[in-house]
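The values are calculated or read from the model by the stated rules, or taken from the named source; none is laboratory data. Since the model is a prediction, treat every value here as computed from it, not as a measurement. Virtual Cβ from ideal backbone geometry, glycine too; neighbours counted across all protein chains shown. All accessible areas refer to the heavy atoms of the entire protein, side chains included, with ligands and DNA or RNA removed. Shrake-Rupley method; radii C 1.70, N 1.55, O 1.52, S 1.80 Å.
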Amino acid sequence: MTSQAGTGAAPPTLRDLLTDLLPTVRAFAIPMRTSFRGITVREGALIEGPAGWGEFSPFAEYGPRESARWLACALEAAGVGWPAPVRDSISVNVTIPAVEPRRAHEIAATSGCGTAKVKVAEPGQPGSADIARVEAVRDALGPGGRIRVDANGAWDVDQAARMLGAMVSFNLEYAEQPCATLAELAELRRRVDVPLAADESIRRAQDPLAVRAAGAADIVVLKAAPLGGVAAALRIAAECGLPVVVSIAVESSVGLAAGVALAAALPELPYACGLGTMSLLAADVTAVPLAAVAGSVPVRAAVPDADRLAAVEADPAPWRARLAAAAGFLGAG
């Protein structure tokens with residue numbers, strides 16, 4: 001990108017950058033190995049700019065205003081770049097979808113990770129299925145392994161207290177977003193001994209810092225894309241003052257690289273991060289995916305490979321339309 005210093009011209013805005021980069025948009029559709037949040041194909045778009053590649057992959061139900069944060073993250077990666085890292089690898093957890101216990105055991109045992117995040121509260125499944133899944137993962141990891149559960153806000157306070165009480169023997173590291181609202185999280189936090197982590201209460205909130213003011217969580221889960229990029233997420237982490245776990249929304253290696261950059265730039269990183277998600281995808285856009293090896297991922301950028309991208313390429317027209325719609329809300333908060 002040409003420098004604006006000394007020219008008297010205003011620096012380019014994110015909207016200007018998008019206008020320049022829109023012709024580079026490439027869309028992808030990657031099959032999932034296992035249904036995740038009801039998704040069987042992960043779709044998104046890639047943008048190439050002077051700083052590298054960025055990914056724009058908000059979920060289908062997200063409107064233009066919410067998608068604008070994802071766009072800001074993609075434009076940051078493609079046109080601005082990320083802060084310098086303070087570490088060269090990131091410890092990660094394996095993510096266990098809402099599968100039956102035998103499959104959960106297999107995923108955990110073969111992951112190479114010492115920490116597992118187990119999805120619970122899947123629609124249509126009883127609580128006993130959650131308990132059996134967590135028990136299988138505990139058996140796979142042994143007593144020294146760390147287990148966290150993620151309910152995606154699906155429980156009410158009584159359900160959450162009951163389920164977390166039923167899992168007390170599994171020595172949970174924390175429960176991620178067991179309830180949907182800050183008020184519910186704050187009430188649950190007074191009723192249980194398991195530490196609570198806020199995810200949706202951060203990334204889908206108009207005020208991401210409200211979680212601390214409400215006394216609703218012990219840990220915050222930060223994702224670069226829903227928060228508007230790495231720099232924005234770092235500001236929230238600093239202002240929030242709570243321990244951070246960095247995660248992503250099951251993106252290609254290009255999107256995953258933004259999460260890695262965020263984790264790499266944090267001054268402190270006391271927990272394994274939710275960045276070991278490449279195992280959930282049946283393919284990738286790069287020749288060397290940002291996959292976990294021995295429980296960690298390297299800190300590096302990701303560049304699409306022509307053949308790998310061509311194998312999963314989709315029509316970019318709908319994504320260009322979503323990009324344009326989201327651009328109208330850039331900077332709107």
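Estimated from the Cβ-Cβ distance and a Förster radius of 51 angstrom, the FRET efficiency linking Arg300 and Val168 is about 0.80. Residues in the range 62-75 carry Karplus couplings, in order, of 7, x, x, 5, 5, 5, 4, 5, 5, 5, 4, 5, 5, 5 Hz; the curve used is 6.51 cos²θ - 1.76 cosθ + 1.60 with θ = phi - 60°, and Gly or Pro positions show x. Over the range 89-218, what is the relative contact order in whole percent, taking alpha-carbon pairs under 8 Å and six or more residues apart? Once divided by the residue count of the range 89-218, the mean separation gives 19 percent. Calculated on the alpha-carbon coordinates, the convex hull of the chain measures out at 130 cubic angstrom per residue. For the range 159-167, backbone phi angles converted through the Karplus equation (6.51, -1.76, 1.60; θ = phi - 60°) give residue-by-residue couplings of 4, 4, 4, 5, 5, 5, x, 5, 9 Hz, Gly and Pro being listed as x.
Positive end of the charge dipole of the chain (Lys, Arg +1 and Asp, Glu -1 on Cβ, about the Cα centre): tell me which of Cys179, Ser252, Leu21 has its Cα farthest that way. Checked the options; the winner is Cys179.
With θ taken as phi - 60° and the Karplus curve 6.51 cos²θ - 1.76 cosθ + 1.60 applied, the whole-hertz 3J(HN,Hα) list for the range 270-279 is x, 10, 4, 9, x, 10, x, 9, 4, 5 Hz, x standing for glycine and proline.
Taking every C-alpha pair closer than 8 Å and separated by at least 6 residues, the mean separation divided by the residue count of the range 84-132 gives a relative contact order of 39 percent.
Looking at the square roots a ≥ b ≥ c of the eigenvalues of the Cα gyration tensor of the range 226-318, which shape do they give, rounded for a/c under 1.5, prolate if a/b is larger than b/c, or oblate? Prolate, since a/c reaches 1.5 and a/b exceeds b/c. When Rg and the Kirkwood radius Rh are both evaluated on Cα atoms of the range 172-219, their ratio Rg/Rh stands at 0.92. The amide H of Glu173, built 1.01 Å from its N in the peptide plane, has Ile147, Arg148 as neighbours under 5 Å, considering only residues 5 or more places off or on other chains. Rolling a 1.4 Å probe over the protein heavy atoms gives the range 60-122 an accessible area of 40 Å² per residue.
Residues whose amide H falls under 5 Å from that of Ala27, counting only those 5 or more places apart or on a different chain, are Leu46, Ala314, with hydrogens built in the peptide plane. Simple spin-label estimate for Ala324 and Ala238 gives 3.7 nm between the two label positions (7 Å along the Cα-to-Cβ direction from each Cα). Size descriptors for the range 99-239 (Cα atoms only): Rg and Dmax, in that order, 15.3, 42 Å. For the pair Asp218 and Arg190 in one chain, pulling the backbone fully straight at 0.36 nm per residue adds 8.9 nm over the alpha carbon distance. Stokes-Einstein diffusion of the range 29-184 at 37 °C, 0.692 mPa s viscosity, Kirkwood radius from Cα pairs, rounded to a whole number: 185 µm²/s.
Using only side-chain charges placed at the Cβ, +1 for Lys and Arg and -1 for Asp and Glu, the dipole size of the chain relative to its Cα centre rounds to 160 debye.
A Cβ-based charge dipole, computed about the Cα centre of the range 4-129 with Lys and Arg at +1 and Asp and Glu at -1, lands at about 360 debye.
Here the relative contact order of the range 145-232, from alpha carbon pairs under 8 Å that lie six or more residues apart, stands at 26 percent.
Hydrodynamic estimate: the Kirkwood radius of the range 25-79 over Cα pairs, inserted into Stokes-Einstein at 25 °C and 0.890 mPa s, corresponds to D of 206 µm²/s. Each distinct pair of alpha carbons in the range 195-279 adds a 1/r term; the inverse of their mean, the Kirkwood radius, is 12.6 Å.
Kindly work out what percent of the DSSP beta bridges joining two residues of the chain are antiparallel, to the nearest 5. Counting DSSP beta bridges with both partners in the chain, the antiparallel share is about 50 percent.
Quick one: if the Förster radius is 41 Å, what FRET efficiency do Arg65 and Glu268 give, using the C-beta to C-beta distance and rounding to 0.05? Here the calculated transfer efficiency is 0.80.
Using Cβ point charges alone (K and R +1, D and E -1), the dipole size of the range 81-221 about the Cα centre works out to roughly 200 debye. Given the options Gly229, Pro298, Ala213, identify the residue whose Cα lies farthest towards the positive end of the charge dipole of the chain (+1 on Cβ of Lys, Arg; -1 on Cβ of Asp, Glu). Value computed over the given set: Ala213.
Considered as an equivalent ellipsoid built on the Cα gyration tensor, the range 70-149 has semi-axes of 32, 18, 9 Å, the largest given first.
Distance distribution P(r), the range 179-333, all Cα-Cα pairs, bin width 5 angstrom from 0: 1, 9, 16, 18, 18, 16, 12, 7, 3, 1, 0 percent. Annotation: amide H of Val94 within the under-5 Å range of Thr115, Ala116, Lys117, sequence separation 5 or more or interchain, hydrogens built in the peptide plane.
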